[in-house]
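One structure is given here, and the rest of the page talks about it.
Nothing in this text is a laboratory measurement; each read-out follows from the coordinates by a stated rule. These numbers come from a predicted model, not from an experiment. We place every Cβ from the backbone using ideal geometry, glycine too, and count neighbours over all the protein chains shown.
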Amino acid sequence: MPLNADTLIDTARALMAPGKGILAMDESLGTCNRRFAQVGIGQSEENRRRYRELLVTAPGLASHISGAILFEETLYQRTADGVPFVEVLQAAGIVVGIKVDAGAQPLAAFPGERITEGLDGLRERLKAYAGQGARFAKWRAVLNITEQLPSRFAIQANAQALARYAALCQEARVVPIVEPEILMDGDHSLARCQAVTTEVLAQVFEQLHQHRILLEGMILKPNMVLPGQDSPVTATLEAVAQATVESFLRTVPAAVAGIAFLSGGQSSPLATAHLNAMHQGAPLPWPLTFSYGRALQDEALHVWAGDDAHVERAQQALVQRARCNGAAAQGQYHPSMEN
Ligand code: 13P
């Protein structure tokens, strides 16, 4: 067995518990501040702390959420009563995770493309995060579709960085979530998104193999296969589900512990309906669930809007979305659950 296999497999299985998914609450400072600004919430560390306290203390969250991905700042924050967020989550039975990449930067000599940074010093940072209670991590690569892009080089450079990150995680007994996100921006077709997604995943798993990653101890966090958001054509739930599952069956080894989708800018109900549709066909070789950010949090953030009087209603909105997605992860969601 490779290094740390048992620990990694146990953690990955806990994250893929049936009927549960992962709460992505790891927005970087810039992204979190931008979302606050849209709702008229002041952009301060204290407001970010208040908001994240609301999320981690939501009653009943653990019924549908197996793990939470935190931003570094949040790993060290506490509730107003002084309890570390990490302890709140652990007491509820929610596994603590951490975003460890340093963001996507322009890829030199490749206009319009990006490479994710953050490998320097990652071994030491992972030790510190694991010491704080983090048992899994996330690294996001970003690729975009145009007529010419993504270039083969950008796909390979990002796949290699994802695999180097994953190897360092597994060395530190931390389960890597490997996230190659292909953005929805553009007017490309469903078929083009499927071709690009398939190519990217093939390259990512080739690199993961080269880097000796234990597939049973990692989780893939992909985009769904969708037409670009400016495409004049809308795809049916069934077409999206079929194109997405087909792409994964062609590229994702059955040994992978699980797949947990990002929502990528889809509306909350649509992200749920797509996930549900993927479970209507033949049984899949891997657990297939959600690791949404916006599609779990949007309504809660708007309801809260920075006002303590709305905390309870905001928490109910969060748990309601988690409940719908938990059902969708088992193919048991129905739109009537929205009421
Ligand atoms: P969205 O679900 O909002 O796309 O966020 C998920 C995530 O973790 C992006 O890195």
Quote the FRET efficiency, to the nearest 0.05, computed for Ala5 versus Leu249 with a Förster distance R0 of 35 Å and r equal to the Cβ-Cβ distance.
0.85
How large is log10 I(q)/I(0) at q = 0.12 Å⁻¹ when the Debye formula is applied to the Cα atoms of region 52-109, each weighted equally and without solvent?
-0.34
Gain in span if fully extended, Met337 to Ser267, counting 0.36 nm per residue against the direct Cα distance
23.6 nm
If you take every DSSP beta bridge whose two residues both sit in region 70-154, what share of them, in percent to the nearest 5, is antiparallel?
50 percent
Per DSSP, the loop-located GluC sites (Glu not before Pro) within region 174-281 having at most 16 other beta carbons within 10 Å are none
Given axes a ≥ b ≥ c from the Cα gyration tensor, I'd like to know whether region 11-124 is rounded (a/c under 1.5), prolate (a/b larger than b/c) or oblate.
oblate
Restrict the search to region 30-95; then list the chymotrypsin sites (Phe, Trp or Tyr not before Pro) that DSSP places in a loop and that have at most 16 other Cβ atoms within 10 Å of their Cβ.
Tyr76
Global form of the chain, assessed from the alpha-carbon gyration tensor, a/c cut-off 1.5
rounded
What FRET efficiency comes out for Glu124 versus Tyr76 if R0 is 22 angstrom and r is the Cβ-Cβ distance? Round to the nearest 0.05.
0.85
HN-Hα couplings for region 184-190 via Karplus (6.51, -1.76, 1.60; θ = phi - 60°), in whole Hz with x for Gly/Pro, come out as 7, 4, x, 10, 5, 8, 4
Lysine pairs in the chain with Cα distance under 15 Å, only those 8 or more apart or on different chains: how many are there?
6
Sites Thr234 and Gln105 - FRET efficiency at Förster radius 25 Å, r taken between beta-carbons, to 0.05:
0.15
In terms of the Cα gyration tensor, with a ≥ b ≥ c the square roots of its eigenvalues, is region 202-318 rounded because a/c is under 1.5, prolate because a/b exceeds b/c, or oblate?
prolate
